[in-house]
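As structure tokens, the structure follows; a few thoughts come after it.
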Number of protein chains: 2
Amino acid sequence: MPTPSMEDYIEQIYILIEEKGYARVSDIAEALSVHPSSVTKMVQKLDKDEYLVYEKYRGLVLTAKGKKIGKRLVFRHDLLEQFLKIIGVKDENIYNDVEGIEHHLSWDSIDRIGDLVQFFEEDDQRIEALLEIQKRAGEE
Amino acid sequence: MPTPSMEDYIEQIYILIEEKGYARVSDIAEALSVHPSSVTKMVQKLDKDEYLVYEKYRGLVLTAKGKKIGKRLVFRHDLLEQFLKIIGVKDENIYNDVEGIEHHLSWDSIDRIGDLVQFFEEDDQRIEALLEIQKRAGEE
DNA sequence: TAATGAATTTAGAACAGAATAAATTTTAGC
DNA sequence: GCTAAAATTTATTCTGTTCTAAATTCATTA
């Protein structure tokens, strides 16, 4: 099992490769707001645990295992963003909150939140009713 | 600002004092599944930061600041438990998930989740509809 | 193809939180 | 009050992640 920090790296590497075809140390460092030397160290660990294949100075490629996990992590991240957006959390809080909680929810919870998103997407009146409650709560 | 770990301790101390009138090092250790020596160290830090007053070997009392925060933390924890329960997360996952995410959500998100709980409590049909979606999703 | 600047890696230290083991203090039973 | 057991504390070590600073490798271009 990857640690939360390892998940951050795998997720970000997956996104970078999806977007640009490759993931350089410096890109990863920038995206995660850490120093390049931290990336190198973590990438060595991810190689040892076989989430990716890393060649010193040359770059890295996700393994099948790494890709599979990366894909799920990105899905989870996006779902949580969607969820917070739907229930009306301010944009400025969404990214940090998702970043904080994504590593700490069971897949059971993720699936239930998926159903919940579905629930609201299926019928606009539900969101309307929720907004109504928020207006009421805000006035108190 | 307390760190997540500090929040765990403050929250648990608040609960113990609420339940039994006091919080011994060994009770805190047991409740948080850490060793007593770790509790001592953290309690010293919480004393320095004025969340509580600690007297070596004798015990501790929350300050006004500690009580106020403890109360909010317990409220937040309970709300998140309620939320996961409502959306159908299995009991066996609820505690760990709440424990994991409670320290990482903005109060904006907490408030929106509060509204959401309200939304479902207000009308049983809403929960029914959600259950329906879950049944459907489970069959696929 | 040699030099320079950019990117990467290594080595070592910091930091937070927790563990272990040993020492100290408190509490209970006699 | 004294002693044994329980609770607590101290001192030290460990783990995981990050940082800094220095060394190395790579890439460009002249």
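The values are calculated or read from the model by the stated rules, or taken from the named source; none is laboratory data. Source: prediction; values computed, not measured. Reconstructed Cβ throughout: ideal geometry from the backbone, glycine too, with neighbour counts over all protein chains shown. We work out accessible area using only protein heavy atoms, side chains counted, and drop any ligands, DNA or RNA first. Shrake-Rupley method; radii C 1.70, N 1.55, O 1.52, S 1.80 Å.
Averaged across the residues of A:8-21, what count of C-beta atoms belonging to other chains lies within 10 Å of each residue's C-beta?
0
For region B:96-140, what class follows from the C-alpha gyration tensor (a ≥ b ≥ c being the square roots of its eigenvalues): rounded when a/c is under 1.5, otherwise prolate if a/b is larger than b/c, else oblate?
In terms of gyration-tensor shape, oblate.
Using a 1.4 angstrom probe and counting only protein chains, how large is the accessible area of B:TRP107 in Å², to 10?
Taking all protein chains as shown, B:TRP107 has close to 80 Å².
On the full set of protein chains, 1.4 Å probe, figure out the accessible area of A:HIS104 and give it in Å² to the nearest 10.
So the heavy atoms of A:HIS104 present about 60 Å² to solvent.
For region B:47-99, just say rounded, prolate or oblate: build the C-alpha gyration tensor, square-root its eigenvalues into a ≥ b ≥ c, call rounded for a/c under 1.5, and beyond that prolate if a/b exceeds b/c, oblate if not.
Because a/c hits 1.5 or more and a/b exceeds b/c, region B:47-99 counts as prolate.
Taking the label point 7 Å from Cα in the Cβ direction, how far apart in nm is A:ASP78 from each other copy of itself, listed shortest first?
So the label point of A:ASP78 gives 3.9 nm to the other copies.
Could you work out the percent of alpha carbon pairs in region A:3-110 separated by over 20 Å, rounded to a whole number?
The calculated P(r) of region A:3-110 puts 40 percent of pairs beyond 20 Å.
Which is the longest part of chain B that has none of the trypsin sites (Lys or Arg not before Pro) sitting in a DSSP loop with at most 15 other Cβ atoms within 10 Å?
B:91-140
Using label points projected 7 Å from each Cα along Cα→Cβ, tell me how many nm separate A:TYR95 and B:LYS90, to one decimal.
3.6 nm
Quick one: if you stick a label point 7 Å off each Cα along the C-beta vector at A:GLU121 and A:THR40, how many nm between them?
4.3 nm
Determine by what factor the alpha-carbon radius of gyration of the protein assembly as shown differs from 2.2 N^0.38 Å, reporting the quotient.
This ratio for the protein assembly as shown stands at 1.15.
Just reorder A:GLU99, B:GLU140 by solvent-accessible area, largest first, 1.4 Å probe, all chains present.
Descending order: B:GLU140, A:GLU99.
Please work out whether region A:47-140 counts as rounded, prolate or oblate from its C-alpha gyration tensor, where a ≥ b ≥ c are the square roots of the eigenvalues and a/c under 1.5 means rounded, while otherwise a/b larger than b/c means prolate and anything else oblate?
Because a/c hits 1.5 or more and a/b exceeds b/c, region A:47-140 counts as prolate.
What value, in deg cm²/dmol to 500, does the helix sum -39500 (n - 2.57) over DSSP H runs of n ≥ 4 give at 222 nm once divided by the residues of chain B?
My calculation for chain B gives -24000 deg cm²/dmol from helical runs alone.
Kyte-Doolittle mean at least -0.5 and Cα extent at least 15 Å along the axis: which DSSP H helices of chain B qualify?
The qualifying helices are B:4-20, B:64-86, B:107-121.
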